[in-house]
1. Rounding to the nearest 10 and keeping the result within 0 to 90°, find how far the Cα-based axis of helix 10-21 lies from the longest principal axis of the chain.
2. Each label point is 7 Å from the Cα along the Cα-to-Cβ direction; what then is the distance between the points at Ala48 and Val211, in nm?
3. What is the distance in Å between the Cα centroid of the stretch 155-220 and that of the stretch 97-150?
4. What does the charge dipole of the stretch 151-285 about its Cα centre add up to, to the nearest 20 debye, if the Cβ of each Lys and Arg holds +1 and the Cβ of each Asp and Glu holds -1?
5. Given a cut-off of under 8 Å on Cα pairs at least six residues apart, what relative contact order in percent is computed for the chain?
6. Of Val153, Leu165, Ala133, which is farthest towards the positive pole of the stretch 119-199's charge dipole, taken about the Cα centre with +1 and -1 on the beta-carbons of Lys, Arg and Asp, Glu respectively?
7. Any idea what the relative contact order of the stretch 117-264 is, in percent, if you count C-alpha pairs under 8 Å spaced at least 6 apart?
8. From the residues Ala243, Ala283, Ala255, which one has its Cα farthest along the dipole of the stretch 215-288 in the positive direction, the dipole being from +1 and -1 charges on Cβ of Lys/Arg and Asp/Glu about the Cα centre?
Amino acid sequence: MNLGFIGLVQMGQGMAANLLKAGHQLTVYNRSPGKDEALLALGATRAATPAQAAAGDAVVSMLADDKAAEAIVFGEHGILGSPAMHISCSTISVELSERLMAAHAQAGQRYISAPVFGRPDAAAAGKLFVAAAGAEHDLNTASPVLNAISQRVFVLNSHPPAANLVKLSGNFLIASVIEALGEAMALVAKGGVDKAAYLDLLTSTLFSAPVYKTYGGLILEGKFEPPGFAAPLGQKDIRLTLAAAEALRVPMPLASLLRDRFLTLMATGGEGLDWSAIGGLAARDSGQ
């Protein structure tokens, strides 16, 4: 397929590279210069504007937040009304996804939402998981794109914002695991138990899922730099989760706690750290 790709930071780099490796033609755009050099060396073409990246069959966007997503769609030289189907892989608010769905429909442009689960190493390896929603025909058209960046695509339903709600709920669960791991590891460590042995017990028995192994290891080593997923992005996702919960009138007291943990982290110098650094707060608070 003739594709465009917008957003070439950590996740986007790996995703775009895998599209090239799968044999797709790729035109890339990033607001900050210099992020496309490695992809150009692999055969990508540089676009001067988002609209230029959306001149083919489909354009993938992988952006940090609502503001960035709005800019490439609605801004000057944006992609709205372009011939390419818009495949939005960004973690954005449900409210913005609703607006994008309506705006694309009015402009006669196809739109699906396909946010991804996984860290930059998974993106580079083509091992992401995709939560996708949109019209069946559009999802079928996008299938070669989504398969090239992932190990599995989960089709949810025909309403694109549903995928964004699922993505936010998933990030809420990951953040909950990070906080719980941090508290439990701080507790046993202060009681004289070796944290490495404790984590080995957990991840070899009842808590063997990758999320416990990945984030438990980061907390154990205190390896929060460089960030694979920066703390402000984690805080943003919890804020968007709470906004969705308020709109649906679903109380989420744990999400409110996580919002405050992220604010504590960033207020005490952690803005440049990985979001897993909230798992180190309990040990710090207990004087370890």
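1. 50
2. It is 4.6 nm.
3. So the separation of the two Cα centres works out to 25 Å.
4. Working: 12 positive and 12 negative charges, 65 e Å.
With only Lys, Arg, Asp and Glu charged at Cβ, the dipole is about 320 debye.
5. On the way: 524 pairs, mean separation 42.3, N = 288.
Taking the mean separation of contacting Cα pairs over the length of the chain, I get 15 percent.
6. After comparing all options, I get Val153.
7. Details: 135 pairs, mean separation 30.2, N = 148.
After rounding, I find 20 percent.
8. The residue sitting most towards the positive pole is Ala243.
Read-outs: derived from the displayed coordinates by stated rules, not from any lab. Remember, predicted model here, so these are calculated numbers, not experimental data. All Cβ positions, even for glycine, are placed from backbone atoms using ideal geometry, and neighbour counts span all protein chains on display.
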